[in-house]
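A short worksheet on the structure shown next.
Each reported figure results from applying straightforward, stated rules to the coordinates on display, with no laboratory input. Computed from a predicted structure; not experimentally measured.
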């Protein structure tokens, strides 16, 4: 999965169902951080893992989680 595919990946369930990972990062970055620590379906895990590897995502998360 590419980073762009991960950005466009839509959550299939939960609090942010139907939202892309990028949209979730913009509105609720701590949720992305929480998701990283959960066991997910393979497609969700792959998307979240790819998404979190990008430096821009890490900067946003660091700013939100450590504020």
The chain: relative contact order from alpha carbon pairs under 8 Å, six or more residues apart, as a whole percent, is 35
Can you list the equivalent-ellipsoid semi-axes of the chain, largest first and in whole Å, using the square root of 5 times each Cα gyration tensor eigenvalue?
17, 13, 11
Longest principal axis of the chain (C-alpha) makes with the long axis of helix 55-65 (C-alpha) an angle, in degrees to the nearest 10, of 70
Angle check, please: helix 42-52 long axis (alpha carbons) against the longest principal axis of the chain (alpha carbons), in degrees 0 to 90, nearest 10.
30
